[in-house]
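So the structure is just underneath, and the comments pick up after that.
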Amino acid sequence: MKRAAVIGGGIVGCHVALECSSRGYETYLLERHARLGQETSTRNSGVLHAGIYYARDSLKARLCVEGNALSRSFFQEHGIEFREAGKFIIARTDAECAEIERLYANAKANGARVEMTTPDKVRDRIPYIHCRAALFSPATAIIETAGYIECMKALLYRNGVTIVAPCTVRAVRGAACDTDRGEVEADIIVNCAGLYADEIANSCGLSGYEVRPLKGDYYATVGIECRVPVYPPPTAHLGTLGVHLTPTFGREVLLGPSETTAQAKDDYQIRTPKQEFSSSLESMVDTAAFSGIELYEGYSGNRPRVYYKGTRCQDFVIIKHPSHVVHLLGIESPGLTAAPAIARHLMTLV
């Protein structure tokens, strides 16, 4: 039996390991933390994206749309909690209204389900939101990520995957992963190491790629009720989706993420001033609602943003080097949504 070694136990790594084992590989999943999914996979907004934002014909666009459908089927089959919330993208200025029109056209080209809506329809669902135009995404959902990870762990064990954790992979040398727990030899190796994927790639002789952690801080509130995520148009010059409102499975509503420079790949300290979140919130809600909202610190996440020779890569980088090793670099948003589609895609490369 051929052997596969998957480096990194986030959602993407878990799906890759599940796919490998389903195709007959003796599969090892090597995770640096004691538990799966402790970094990017669970330190985000917990949103199943529709494929609205990404460049036409990009891997992000194709794998997000495909992953959205695959994820829904996967959740239903395995009883993973998710909520069909939809999402509003709201415009508050002339420039943002023009951006809404551009997003609508882009989403349609990507095959994402999306529709133009009106400020009145937004207020029917969320009375305190004010806007001049809006886009509605019916394919957006909210995911209970902790439960998702626990289900993946159970499925991996059921499929015969050997989870080795904690286990830090220091390098890939030939057909072996050099770890702090000894060598793991494999016929195929898949680098899903997220924030550390560039270090693994470099050990394989794949040079020029650098993962720079980009911190996103979140605040939270219980002062408003919000059943539908509300996003501003993307902050195009920063390449982010901006600070948005996202409901959780409890009473909390998340506000974030911000964008701030990380001190290190393991930097999870909230550094964004509270006022930055307050200002963003004030621009979206009416005065009466804003006056009754108290914000408190939530959590912080790091996005594995990848650069090649100093220039940011706008798309996922999925590359084989050498012939038995596949590297997944820059799997930031929509990686959570695209995970099952990414796993299927990379199997065409091995």
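Cβ under 12 Å from E144's Cβ, E144 left aside: what net charge do those residues give with Lys, Arg +1 and Asp, Glu -1?
Net charge around E144: -1.
Tell me the GluC sites (Glu not before Pro) within region 175-281 that lie in a loop according to DSSP and have at most 12 other beta-carbon atoms within 10 Å.
Answer in residue order: E225.
Place +1 on the Cβ of every Lys and Arg and -1 on the Cβ of every Asp and Glu in the chain, take the dipole about the Cα centre, and give the residue among I52, G8, L328 whose Cα lies farthest towards its positive end.
Farthest along the dipole direction, towards plus: L328.
For region 83-123, just say rounded, prolate or oblate: build the C-alpha gyration tensor, square-root its eigenvalues into a ≥ b ≥ c, call rounded for a/c under 1.5, and beyond that prolate if a/b exceeds b/c, oblate if not.
Oblate.
Give me the percent relative contact order of region 241-285, please, defined on Cα pairs under 8 angstrom at least 6 residues apart.
Once normalised by length, the contact order is 31 percent.
Cut-off 18 Å, label point 7 angstrom out along Cα-to-Cβ of A69: give me the residues of region 77-114 whose amide nitrogen falls inside.
77, 107-114
Put a dot 7 Å past each Cα toward the Cβ at D187 and H33; how far apart are the dots in nm?
Reported label-point gap for H33 and D187 is 3.2 nm.
Add -39500 (n - 2.57) for each DSSP H run of 4 or more in the chain, then divide by its residues: what number comes out at 222 nm, to the nearest 500 deg cm²/dmol?
Theoretical 222 nm ellipticity from helices: -9000 deg cm²/dmol.
Compute a Gaussian network model of the chain, connecting alpha carbons closer than 10 Å, and tell me which residue from G335, G242, G216 fluctuates the most.
G242
Round to the nearest 0.05 the FRET efficiency obtained for K121 and R158 when R0 = 35 Å and r is the Cβ-Cβ distance.
So the FRET efficiency works out to roughly 0.20.
Nearest 20 debye, what's the magnitude of the dipole of region 95-252 about its Cα centre given +1 on Lys and Arg Cβ and -1 on Asp and Glu Cβ?
The dipole of region 95-252 has a size of about 460 debye.
When only C-alpha pairs under 8 Å and at least 6 residues apart count, what is the relative contact order of region 189-299, in percent?
30 percent.
Quick one: which of K2/K153; K60/K309; K2/K320; K60/K108; K87/K153 span more than 26 angstrom between C-alpha atoms?
As for pairs spanning more than 26 Å Cα to Cα, those are K87/K153.
Report the label-to-label distance for S58 and R312 in nanometres (one decimal), using points 7 Å from each Cα along the Cα→Cβ vector.
In this crude spin-label approximation the distance works out to 1.0 nm.
What size of dipole, in debye to the nearest 20, comes out for the chain about its Cα centre when the only charges are +1 on Lys and Arg C-beta atoms and -1 on Asp and Glu C-beta atoms?
580
Choose one answer from T117, T337, T311: the residue with the largest mean-square fluctuation in a GNM of the chain with alpha-carbon springs under 10 Å.
The residue that fluctuates most here is T311.
Please work out which option in (i) 88, 46, 36; (ii) 54, 52, 43; (iii) 62, 37, 37 gives Cα extents along the principal axes in Å calculated from these coordinates, and answer with its label.
Correct label is (iii).
Provide the gained length on full extension for the span R251 to A176, in nm with one decimal, where the gain is 0.36 nm per separating residue minus the Cα-Cα distance.
22.3 nm
Where in region 1-101 are there GluC sites (Glu not before Pro) that are in a DSSP coil and have at most 14 other Cβ atoms within 10 angstrom of their Cβ?
Within region 1-101, the qualifying GluC sites (Glu not before Pro) (loop, at most 14 other Cβ atoms within 10 Å) are E81, E84.
Could you work out the relative contact order of the chain? I mean the mean sequence separation of Cα pairs under 8 Å and 6+ apart, divided by the number of residues, in percent.
Here the relative contact order equals 24 percent.
Between M152, M347, V306, whose Cα lies farthest towards the positive end of the dipole of the chain when Lys and Arg beta carbons carry +1 and Asp and Glu beta carbons carry -1, centred on the Cα centre?
M347
Here, each number is a calculation from the coordinates, and none is a lab measurement. These numbers were taken from a predicted model, which means no experiment stands behind them. Every residue, glycine as well, gets a Cβ built from its backbone with ideal geometry; the counts of neighbours run over all protein chains shown.
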